[in-house]
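Notes follow the structure.
The values are calculated or read from the model by the stated rules, or taken from the named source; none is laboratory data. These figures come from a predicted structure and were not determined experimentally. Cβ placement follows ideal geometry from the backbone for every residue including glycine, while neighbour counts extend to all protein chains displayed.
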There are 2 protein chains.
Amino acid sequence: MKKAVILLSGGLDSTTLLAVAQSEGYDIHALSFNYGQRHKVELESAQRVAKYFDVTKHLVIDINLREIGGSALTAEIEVPKGREQITDNSTDREIPVSYVPARNAIFLSFALAWAETLEAADIFIGANAIDYSGYPDCRPEYIEAFEKMARLATRAGSEGKRTLRIQAPLLRCSKKEIIQKGMALGVDYGATHSCYDPGPGGMACGRCDACLLRLKGFAEAGIDDPLPYHGKG
Amino acid sequence: MKKAVILLSGGLDSTTLLAVAQSEGYDIHALSFNYGQRHKVELESAQRVAKYFDVTKHLVIDINLREIGGSALTAEIEVPKGREQITDNSTDREIPVSYVPARNAIFLSFALAWAETLEAADIFIGANAIDYSGYPDCRPEYIEAFEKMARLATRAGSEGKRTLRIQAPLLRCSKKEIIQKGMALGVDYGATHSCYDPGPGGMACGRCDACLLRLKGFAEAGIDDPLPYHGKG
């Protein structure tokens, strides 16, 4: 079985990603980060998802990105709410304050290290550049540049033993398509967590960018989101 | 003053690097990692060096690379000793077990995150591809690939605000040249630490790759290394 490292936040995209990779026959090594995120509750979802899919290993790495800050998710900056324009797919969107500086570079670099140790050639990331927040490190050109760097960075790449691949199969899917893909693979979206600014008990706000994009996806798919939202009626 | 993030291990190369960057007028933000390295004592050198050069900020980030392992520096793998061939500059060298999977990708990614938050355009790394251990992530093509990735990864790069540069001014210097450069800039090499496998009190072994390369540099420069070595005379 081909080993793969999967970046798993416990959100809708990365959970679907895990289901996709597993359906393709990969031996799943899931990687999550306790990085000082405001929505640390997502790690409970990551644990549930990893258990549900019976992954070979789930590693949670502690890194304190609050020491660096610079984001509404890792510093005392308010999470924007009610930005309905996030769902209109303009290509020209501004990078919002929920962007965490170099987060995907850091996460993918740890995945690269683990892949090297596991002798895995495949790293999966749930990056998406359609129904997304406009983060620079979710764009196709970014993923390609990381892959090039990764191939030069490692023993495997340097010695020509393995051709490392950064796989982002959801990159060009709409949120609706991601949900449909996941439903077909038996994903329980009630076990996932997307909200950036959860309330008491970890309940989703329903108004941050992550909630708005998620709700739009379910609405377009014609499916009820199984999660409760405290900001909704 | 232009801000710069400098990767500082407390070793000979990164200390010289810091002196070079400071002499060029950069406002120094030094970044070190407590990564589970066998030679954690190097962090004391990093603190001494940061203090000596009176840097604006010295940040030490905790990341436990022992959870990933795969190296003589982060797992129970013996550090090779007496590999005199390390000093013969063959271009065809094998990657030794002291190579830490994706370490420079991880370190540079954190530097990138910090640079983004500081609004700095310059990241300095003491990578060297002449008198070195043959690590893939010290080669010029690797540094270039990381720079390309970094420019796409970030808000600054994406919005065209800053052109991020990964500066590796020691990349093509011999160890002798690095030492001469540092001496001219007032570096006290007695405050640095290079050994991968220090003995009691942090004393250098004199026989690991890092010690052999360092000793070769001092010998070629015709200067006495101020450090004591427990494996020597």
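Looking for whichever is under 18 Å from A:G202 (Cβ atoms), of a type outside the set (K, R) and modelled with pLDDT of 95 or more here; the options are A:E44, A:E24. Which one fits? Sole residue among the options that is under 18 Å from A:G202 (Cβ atoms), of a type outside the set (K, R) and modelled with pLDDT of 95 or more: A:E44. The residues listed here are B:A127, B:A111, B:A150, B:A105; of these, the one that is crowded, with 22+ Cβ neighbours inside 10 Å, within 13 Å of chain A (Cβ to nearest Cβ) and either assigned to a loop (DSSP other than H, G, I, E, B) or of a type in the set (K, R) (or both) is B:A127. Among the criteria (1) closer than 16 Å to A:K40 by Cα; (2) within 12 Å of chain B (Cβ to nearest Cβ); (3) over 17 Å from the mean Cα position of the chain (by Cα), the one A:K57 does not fulfil is (1). A:D137 fulfils the conditions (1) among the charged types (D, E, K, R); (2) at pLDDT 90 or above; (3) within 17 Å of the chain's Cα centre (by Cα); (4) over 24 Å from A:G36 (Cβ atoms) except for a single criterion, (4).
The rows are residues; the columns are (1) touching a residue at least 40 places away in the same chain (Cβ under 8 Å); (2) touching a Gly at 6+ places or on another chain (Cβ under 6 Å); (3) over 30 Å from A:E78 (Cα atoms).
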| residue | (1), (2), (3) |
| --- | --- |
| A:P140 | no, no, no |
| A:G157 | no, no, yes |
| A:E220 | yes, no, no |
| A:I223 | yes, no, yes |
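Would you call B:E42 in contact (Cβ under 8 Å) with a residue 40 or more places away in the chain and either within 14 Å of chain A (Cβ to nearest Cβ) or touching a Ser or Thr at 6+ places or on another chain (Cβ under 8 Å) (or both)? When the stated conditions are applied, B:E42 passes them. Filter the range A:153-163 for residues that are of a type outside the set (D, E) and within 10 Å of chain B (Cβ to nearest Cβ); which is farthest from A:L7 (Cα to Cα)? Ranking the qualifying residues of the range A:153-163, first place goes to A:S158. Total residues in the range B:181-197 satisfying the condition of being buried (at least 17 other Cβ atoms within 10 Å of the Cβ) and more than 17 Å from the chain's Cα centre (by Cα): the figure is 0. Can you pull out the residues in the range A:66-83 that are under 25 Å from B:V60 (Cα atoms) and more than 9 Å from every other protein chain (Cβ to nearest Cβ)? Residues satisfying the conditions are A:R66, A:A72, A:L73, A:T74, A:E76, A:I77.
Scanning the range B:183-205 for residues that are in contact with a Phe, Trp or Tyr (Cβ under 7 Å, 6 or more places away or on another chain) and part of a helix (DSSP H, G or I) yields one hit, B:A191.
Considering only residues in the range B:1-50 that are in a loop (DSSP other than H, G, I, E, B) and within 12 Å of the chain's Cα centre (by Cα), the one that is surrounded by the fewest Cβ atoms within 10 Å (Cβ to Cβ) turns out to be B:G11.
Please verify whether B:I86 is in contact (Cβ under 8 Å) with a residue 60 or more places away in the chain and either at the interface with chain A (Cβ under 9 Å from one of its Cβ atoms) or touching an Asp or Glu at 6+ places or on another chain (Cβ under 6 Å) (or both), treating the condition exactly as stated.
Details: in contact (Cβ under 8 Å) with a residue 60 or more places away in the chain: yes; either at the interface with chain A (Cβ under 9 Å from one of its Cβ atoms) or touching an Asp or Glu at 6+ places or on another chain (Cβ under 6 Å) (or both): yes.
Spelling it out, B:I86 is indeed in contact (Cβ under 8 Å) with a residue 60 or more places away in the chain and either at the interface with chain A (Cβ under 9 Å from one of its Cβ atoms) or touching an Asp or Glu at 6+ places or on another chain (Cβ under 6 Å) (or both).
Among the numbered conditions (1) in contact with a helix residue (DSSP H, G or I) (Cβ under 8 Å, 6 or more places away or on another chain); (2) buried (at least 19 other Cβ atoms within 10 Å of the Cβ); (3) under 30 Å from A:C138 (Cβ atoms), the only one that B:A204 does not meet is (3). Evaluated against (1) within 12 Å of another protein chain (Cβ to nearest Cβ); (2) over 16 Å from the mean Cα position of the chain (by Cα), B:S98 falls short on exactly one condition, (2). Note on the range B:51-66: residues that are in contact with a strand residue (DSSP E or B) (Cβ under 6 Å, 6 or more places away or on another chain) and surrounded by fewer than 16 Cβ atoms within 10 Å (Cβ to Cβ) total 4.
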